[in-house]
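Just below is one structure, and these are the notes that go with it.
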Amino acid sequence: MTDEFTPEELEQARVLFARQATFVMGCAKIEQLPDPDLPEIAFAGRSNVGKSSLINGLVGMHKLARASNEPGRTREVNFFDLDGKLRLVDLPGYGWAKASKSTVKKFQDLGRDYLRGRVTLKRVYLLIDSRHGLKSVDTEALDALDLAAVSYQIILTKADKLKKGEGEKVAAATLKAIAKRPAAFPAVIVTSSEKGEGMPELRAEIMRTTGVVL
């Protein structure tokens with residue numbers, strides 16, 4: 001379900017993501033975004049899908065991105081710098097949130113504005129809970145990404161919660177569901193932030209996609 005990577009690619013990606021990662025800023029308005037001077041990859045997904053945990057797992061830090069048990073807490077576009085070579089971007093979650101409809105629309109529109117106009121954005125990684133697969137609210141996100149012509153790839157999260165072999169089945173069903181979507185990258189990565197599953201492949205995928213070299 002994933003691309004094949006050479007041992008050299010996996011090792012280079014490991015080294016890159018072991019370097020210093022820092023929080024840059026959180027932006028509540030499109031005018032506040034940092035200059036587009038580095039390649040960026042963004043993470044999107046339903047509230048509570050595990051975006052913060054995935055980002056922390058990628059860089060091997062527990063508290064770089066703030067995880068919360070309260071869905072919908074990420075209401076800004078948050079930027080993280082990786083060794084001055086790459087930015088990781090945490091987009092506001094979509095779906096259910098403990099906030100008024102006007103507030104939810106405000107921070108979701110901010111995410112859409114970022115997606116439409118960011119020239120340095122190389123790919124969006126759309127996180128889907130592997131226990132539930134694609135839901136109708138995810139389909140809305142897929143439609144928006146296709147409409148914006150933004151390349152995206154689906155990442156299945158929380159695979160440690162599944163029984164053996166279920167991750168591959170969910171990945172196959174997901175790949176089939178997005179087969180005809182124009183902006184979808186034709187590979188799905190199954191991950192577990194808790195166990196580290198899929199992290200080496202995701203790091204290598206990001207490094208290959210952005211063209212970052214050590």
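GNM on the chain, C-alpha springs below 10 Å: top fluctuator among Leu162, Leu121, Leu58? Sorting by GNM fluctuation, first place goes to Leu162. Which residues make up the longest stretch of the chain clear of GluC sites (Glu not before Pro) that lie in a DSSP loop with no more than 15 other Cβ atoms within 10 Å, not counting the sites? The segment 5-193 is the longest one with no such site.
Counting only DSSP beta bridges with both residues in the chain, what percent are antiparallel, rounded to the nearest 5? Don't jump to the answer; show the numbers that get you there.
Numbers: 11 of 32 bridges.
Restricted to the chain, the bridges split so that about 35 percent are antiparallel.
Here the scattering of region 126-214 is modelled by Debye summation over its C-alpha atoms, one equal scatterer each and no solvent; at q = 0.23 Å⁻¹ the log10 of I(q)/I(0) is -1.19.
From the Cα gyration tensor of the chain, with a ≥ b ≥ c the square roots of its eigenvalues, which class applies: rounded if a/c is under 1.5, or else prolate if a/b is larger than b/c, or else oblate? Can you show the working numbers first?
On the way: a/c = 1.36, a/b = 1.07, b/c = 1.27.
Judged from the Cα gyration tensor, the chain comes out rounded (a/c under 1.5).
Summarising the label geometry, the points placed 7 Å from Cα in the beta-carbon direction at Glu168 and Thr6 lie 2.7 nm from one another.
Rounded to the nearest 20, the Cβ-based charge dipole of the chain about its Cα centre (Lys and Arg +1, Asp and Glu -1) stands at 780 debye. Using heavy atoms of the protein chains and a probe of 1.4 Å, the accessible area assigned to Asp83 is about 60 Å².
For the chain, the per residue solvent-accessible surface stands at 51 Å², with DNA, RNA and ligands left out and a 1.4 Å probe. The residue list Gly111, Phe23, Ile154 was ranked by how far each Cα lies along the charge dipole of the chain toward its positive end, using unit charges on Cβ atoms, and Gly111 comes out on top. Pairs of Cα atoms nearer than 8 Å and 6+ residues apart set the relative contact order; for the chain it is 26 percent. What is the list of residues in region 75-92 whose amide nitrogen lies under 18 Å from a point 7 angstrom out from the Cα of Val15, following Cα to Cβ? Output list for this probe position: 82-86.
The values are calculated or read from the model by the stated rules, or taken from the named source; none is laboratory data. What you are looking at is a predicted structure, and each value in this text was computed from that prediction instead of being measured. Glycine also receives a Cβ, built like all others from the backbone with ideal geometry; neighbour counts cover every protein chain displayed. These area figures cover heavy atoms from the full protein model, side chains too; ligands, DNA and RNA do not enter into them. Shrake-Rupley method; radii C 1.70, N 1.55, O 1.52, S 1.80 Å.
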